[in-house]
Amino acid sequence: MRKLIIANWKMYYGPVKAGAWVRAFRRERLPKDIDISIAVPSVSLAAARSSLGRATIPALAAQNVFWEKEGAFTGEISPTMLLEFGTSMCIVGHSERRTYLGETDEMVAKKAAALQKAGIAPVICVGETAVQRKKGQAKRVVKSQVANAIADLKPDGRAQAVIAYEPIWAIGSGKPCRPMDAKEMHDVIRDVVSKAWGARYRDEIRVIYGGSVTDRNIYEYGTTTGIDGALVGGASLDPRNFALLCRASSPA
Ligand code: PEP
């Protein structure tokens, strides 16, 4: 399976800076054996697309979506609107949205299903807090987040879901989860998927890791079996640094 590295710009870069980021990144040497995507704020999708033109590297992703097609939902953005920018992926359930915007498992499931229906791959974020890990509840929490999020998804076809394991204590903290510990949780996630969809999907689902990934530690994640790539926040804000991280991810 090809590895996937997604830049999550979070709430950085409006249209002007987004366009400049994409142009700078496109000038960098990029590995051909991995998939690279950038998740940009919705208001910057048009600028990022315009700087990309028809180029598909990096693929364009969104950071949020609403589950209805259209209607009286002021301020929200539908999957079909995202499609107009050639968006091929969209993050759902990021812990920052769960914490600050009250995004629940039920909302995450609805968003993921609506995206898939429109042909956009949902990138479903799951992960435990430091307290939950300390209390020995991490696996239970993550299992339930995954089972709820994939309940209405189809395993096959276009727009296959990606699961991003992002322990909350590792996000933006400079304290990444050790690759072997991440792998252990990825195995738990694969068990849930296999139970819901059938054994063959255990290895077919892409499970990526997120939480303080940098150009210095990406190689360890990229070369750990069961870790199919990374979701990168802080270390993706500089286009040259993110390109370096992408190059450092594989032995090639
Ligand atoms: C993220 O934004 O999803 C993330 C993992 O951030 P960081 O890489 O900064 O920890």
Checklist line | Helical contribution to [θ] at 222 nm, DSSP H n ≥ 4, -39,500 (n - 2.57), averaged over the chain, rounded to 500 | finding: -11500 deg cm²/dmol
Margin query: At 0.36 nm per residue, and after removing the present C-alpha to C-alpha distance, how many nm does the segment from LYS195 to LEU30 gain when stretched out fully?
Written below: 55.7 nm
Next item on the list: Choose one of ILE5, ILE77, THR104: the residue whose Cα lies farthest towards the positive end of the charge dipole of the chain (beta-carbon charges +1 Lys, Arg; -1 Asp, Glu; about the Cα centre).
Entry: ILE5
Notebook entry, point to check: Say R0 is 22 Å: what FRET efficiency, to the nearest 0.05, do ALA130 and THR225 get from their beta-carbon distance?
Noted result: 0.25
Notebook entry, point to check: If you count the DSSP beta bridges with both ends in the stretch 1-124, what percent of them are antiparallel, to the nearest 5?
Noted result: 0
Checklist line | Spin-label pair ASP238/GLN160, simplified geometry with 7 Å Cα→Cβ offset, distance in nm | finding: 3.5
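Explain nothing, just the number: dipole magnitude of the stretch 170-251 about its Cα centre with +1 on each Lys and Arg Cβ and -1 on each Asp and Glu Cβ, in debye rounded to the nearest 20.
On the way: 11 positive and 10 negative charges, 12 e Å.
Here the size comes out at about 60 debye.
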Check: Under the classification rounded if a/c is under 1.5, otherwise prolate if a/b is larger than b/c and oblate if not, where does the stretch 117-252 fall, given a ≥ b ≥ c as square roots of the Cα gyration tensor eigenvalues?
Finding: oblate
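Which of the GluC sites (Glu not before Pro) across the stretch 1-83 are loop residues per DSSP, with 11 or fewer other Cβ within 10 Å? Please list the in-between numbers first.
Values: sites: GLU28, GLU68, GLU70, GLU76; in loops: GLU28, GLU68, GLU70, GLU76.
Filter output for the stretch 1-83: GLU70.
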Next item on the list: Report, as a whole number in µm² per second, the diffusion coefficient that Stokes-Einstein gives for the chain at 25 °C and 0.890 mPa s using the Kirkwood radius over alpha carbon pairs.
Entry: 136
Next item on the list: Restrict the search to the stretch 5-52; then list the trypsin sites (Lys or Arg not before Pro) that DSSP places in a loop and that have at most 15 other Cβ atoms within 10 Å of their Cβ.
Entry: ARG27, ARG29, LYS32
Next item on the list: Classify the stretch 79-124 as rounded, prolate or oblate from the Cα gyration tensor: take a ≥ b ≥ c as the square roots of its eigenvalues, call it rounded if a/c is under 1.5, otherwise prolate when a/b beats b/c and oblate if not.
Entry: prolate
Item checked: FRET efficiency for THR214 and ALA20, using Cβ-Cβ distance with R0 set to 22 Å, rounded to 0.05 -> 0.50
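Multiply the residue separation of GLN137 and ASP187 by 0.36 nm, subtract the distance between their alpha-carbon atoms, and state the gained length in nm to one decimal. Kindly include the intermediate steps, with their values, before the conclusion.
On the way: separation 50, 0.36 × 50 = 18.00 nm, distance 1.59 nm.
Here the answer is 16.4 nm.
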Checklist line | ALA46 versus GLU68: modelled label distance in nm, points set 7 Å from Cα along the beta carbon direction | finding: 2.3
Check: Is the stretch 89-148 best put as rounded, prolate or oblate by its Cα gyration tensor, with a ≥ b ≥ c the root eigenvalues, rounded for a/c under 1.5, and otherwise prolate when a/b is larger than b/c, oblate when not?
Finding: prolate
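Here, each number is a calculation from the coordinates, and none is a lab measurement. This structure is a prediction, so every number in the text was calculated from the model and none was measured. Please note: Cβ atoms are built from the backbone with ideal geometry, for glycine as well, and neighbour counts cover all protein chains shown.
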